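Student: Mind having a look at this structure? Questions to follow.
The values are calculated or read from the model by the stated rules, or taken from the named source; none is laboratory data. Keep in mind that what you see is a predicted model, and the values were worked out from it rather than measured. Cβ sites come from the backbone with ideal geometry, for glycine too, and all protein chains shown count toward neighbours. Side chains included, ligands, DNA and RNA excluded: accessible areas come from the protein's heavy atoms. Shrake-Rupley method; radii C 1.70, N 1.55, O 1.52, S 1.80 Å.
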Amino acid sequence: YVVFANADASKGYKGITAFIVEKGTKGLSVGKKEDKLGIRASSTCEVVLDDVVVPASAVLGRVGQGYKIAIELLNEGRIGIGAQMVGLAQGAFDAALPYIHRRKQFGSVIATFQGMQFGVAQARTDIEAARLMVYNAARLKDSGRPFVMEAAMAKLYSSQVAERVASRAIEWCGGVGFTKEFDNEKFFRDAQIGSIYEGTTNLQLQTIAKLISKDFN
């Protein structure tokens, strides 16, 4: 486990240090598994530390560098979350398409209705835009160029697209989309985490705004 703890509270965030705590360490235990709304295939559990003592060799990096390590991980991780949300949006989209192309109302397949066509076209455009934003952030990271703002924008937008498309996919399928018989409801539940972890939506907006203003300060 990687544990972040403040080795010197008088220094504030500059005292935060990352430690590697091995499984089986005395005082370390895993608590209950959370009963989550979505991403249920990924277990989330409480980690309990009861008077845990680790050697100096357990420090990851250097003492006081924990905050820097955490921020760097979050910045890079946003690209991964963006990719996850793009995949989720694509999954919700793909799951709904067969149904709307076979479901008939008033003697016509509902996918031929103009209102439905507009929604499908917009969703497909949004997914592609989010995908390209994620690719761009990954390209910048791989080439060693500044990528923090682009990663925040990619994560922000792709999470919004995932929520929007997953919600629309349920609407397109009507009543059956609201049942657990179809995959739509799972995509909808999974999409909710995108605006929370690796930094909330508001935090992404704040990061983007600060980096825009940086050139004027």
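Student: Identify the GluC sites (Glu not before Pro) of the stretch 30-88 meeting these criteria: DSSP loop state and at most 11 other C-beta atoms within 10 Å of the C-beta.
Tutor: Passing both the DSSP loop test and the Cβ count: E34.
Student: Oh, and also: How far is helix 114-142 tilted, in degrees, relative to the longest principal axis of the Cα atoms in the chain, given as a value from 0 to 90 rounded to the nearest 10?
Tutor: The angle comes out at about 30 degrees.
Student: Rounded to the nearest angstrom and ordered from largest down, what semi-axes does the equivalent ellipsoid of the stretch 1-127 get from its C-alpha gyration tensor (root of 5λ)?
Tutor: 49, 18, 10
Student: Measure up K23/K68; K23/K186; K33/K141; K14/K36; K33/K180 against 29 Å on the Cα-Cα distance and list the ones that go over.
Tutor: K23/K186; K33/K141; K14/K36
Student: I would also like to ask the following. Which value, in debye to the nearest 20, describes the size of the charge dipole of the chain about its Cα centre when Lys and Arg Cβ atoms bear +1, Asp and Glu Cβ atoms bear -1, and nothing else is charged?
Tutor: 240
Student: What accessible area per residue comes out for the chain, rounded to a whole number of Å², with a 1.4 Å probe?
Tutor: Accessible area per residue: 60 Å².
Student: Considering only C-alpha atoms, what is the centroid distance from the stretch 1-66 to the stretch 75-122, in Å?
Tutor: 40
Student: Here is a further query. What is the local net charge at G87, summed over the other residues whose Cβ is closer than 12 Å to its Cβ (Lys, Arg +1; Asp, Glu -1)?
Tutor: Residues close to G87 contribute a combined charge of -1.
Student: Work out how far the C-alpha atoms of the stretch 1-49 reach from end to end along every principal axis, then list the three figures in whole Å, largest first.
Tutor: Here the spans come out as 38, 26, 13 Å, largest first.
Student: Continuing with this model, one more query. What are the extents of the Cα atoms of the chain along their three principal axes, listed from largest to smallest and rounded to whole Å?
Tutor: 73, 48, 26
Student: Report in % the part of the accessible area of the stretch 54-100 that belongs to carbon and sulfur, leaving out ligands and nucleic acids; probe 1.4 Å.
Tutor: Of the solvent-accessible surface of the stretch 54-100, carbon and sulfur hold 64 percent.
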